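Take a look at the structure set out below.
Please treat every number below as a calculation from the coordinates, not as lab data. The shown structure was predicted, so the numbers you read here are calculated from the model rather than taken from an experiment. Glycine gets a Cβ as well: all are built from the backbone with ideal geometry, and neighbour counts include every protein chain shown.
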Amino acid sequence: MMTTIGEVQYNEVKRAAKEGDFVLFREAPCSYLTAGKPYEVTEIDSADDPQIIDDEGDEYNTCGDDFVVLEKITDSVEVAEMGNLIVHGGVQYRKADRLVRGGDVFMIPKESSSNYTAGKVYAITRIDEEGDPRTIDDDGDGWWLRSDMYFILEPVTPSLVTLETELAATKAKVAEMEAQLAEVAKAAEATKRVDAEAQRLKVGGYAKVTKSGTHSFKPDDLVKIYEIVKYGPNRIRCEYLDGKRVSRDHFYDYELVRATDEEVAEAKRKLVFDQFAKGDKVRLVSGGGEIPLLGFVNGDICEVVNPKFKHGRGMRVQITSGGGTGYATPEQLVKLTEAEVAEIERKKSEEETRKQEEAKWSAIGRKVGEFKKGDVVRVTHGYSEIKEGDIGIITEADGSDIPGVTVRGVQRYVRADLIVPVESIVSLRGGDAA
């Protein structure tokens, strides 16, 4: 099938493209190609794909693209011969080696000269008195050619068979394009249904509040739909993304729009950081010993310094433990409950007390709770006549933590704290004797 594009004639061929052919895209596959524009094939690559130059001057591989192959048969007003036939201006002509006569429109010089070109089509402006055709030459001047210097172009009337063949081809092409159009329309309708379904509010989905109303939420709040009741106009019930619910949680359809995936992801990311506050106690569960948590060990109990620290690796929770500072993601931390914090503080206090007790006993060369006869003690747990807080003397020490303590002449086995070791009393007495 022949086609004209920009005064240039092409034949649409049903074969693989070769170098020097042109390809034409019915629909441009990208922004730097133009639909309906012929592109010359510069080479055929090893995969038999045509290579062209795109609108930006770059090489382009047509692999996977849909296009038609064109074979150029004219170049502007220059024409290429197809046997004895010439195509010019979308009309097919036959070269006739005869004299010009009235009604002839075009001619072709047989040879070139300084002011006209062989093979180029020239319009006949008139026939002069000598019977020679006059034309406008390449310099824009009027000129004439003798009878032996030109061919006359005679229009070729296509046969009925040719017309019927072209008509059948055109109908087939129209049917093909109609089928393609139907497929495009079908795909567009399917996409429309998918988009409509995606925008529909449903239980478990996320929405953004568009306006204030009888509900307790603010515009632009992101909410999660946890129920859609079957009655009433404001039938959509929502909760905050963290699962918190409020009493006035009913929405009308027009007060909500579906939240985008990006909005939900950002809100959830912010939510995981919002769970932490400065001073919170947390446990490091992963990442210890690695940048940016060098010096930390998994299991460390840490304190939050800044819950939203802008680190070079992204948003982080700044933590400290034992004087060191690190930066963790929310997933690497577990926030401790009040009970867990109280238990940690209790154990910490007990450990400090134990260390102080060990230091006190070590200073006098004894193990913890190693009482000796003559030690002065304070009763911590009374019994019978001896009361808590009484001051007494160890009168029996058998190595247990419940020694015999004598107060006001009465001995009982009670728990006590050391006040003055017997060695100090002996030293004091020795000093007095001296």
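Details
- Read-out Rg and Dmax of the Cα atoms in Å, derived from the coordinates shown; its label in [x] 50.5, 167; [y] 21.5, 79; [z] 47.3, 138: [x]
- Full extension of the segment from D138 to Y226, taken as 0.36 nm per residue of separation minus the current Cα-Cα distance, would add 23.4 nm.
- Structural descriptor for the chain: relative contact order 6 percent, calculated from alpha carbon pairs under 8 angstrom and at least 6 residues apart.
- Once C-alpha pairs closer than 8 Å and six or more residues apart are averaged by separation and normalised to the residue number of the stretch 257-359, the relative contact order reads 23 percent.
- Helix 160-199 vs. the chain, principal-axis angle (Cα, 0 to 90°, nearest 10): 20 degrees
- Stretching the chain fully between V13 and R366 yields a gain of 116.2 nm (0.36 nm per residue, less the alpha carbon separation).
- Annotation note: chymotrypsin sites (Phe, Trp or Tyr not before Pro) in the stretch 222-325 located in DSSP loop regions with a Cβ neighbour count of at most 11 within 10 Å are Y231.
- Shape class of the stretch 2-72 from the Cα gyration tensor (axes a ≥ b ≥ c, square roots of the eigenvalues): oblate, since a/c reaches 1.5 or more and a/b does not exceed b/c.
- If you plug the beta carbon distance of A169 and E40 into 1/(1 + (r/R0)^6) with R0 = 22 Å, you get a FRET efficiency near 0.30.
- Separation of alpha-carbon centers, the stretch 23-59 and the stretch 289-343, rounded to whole Å: 57 Å
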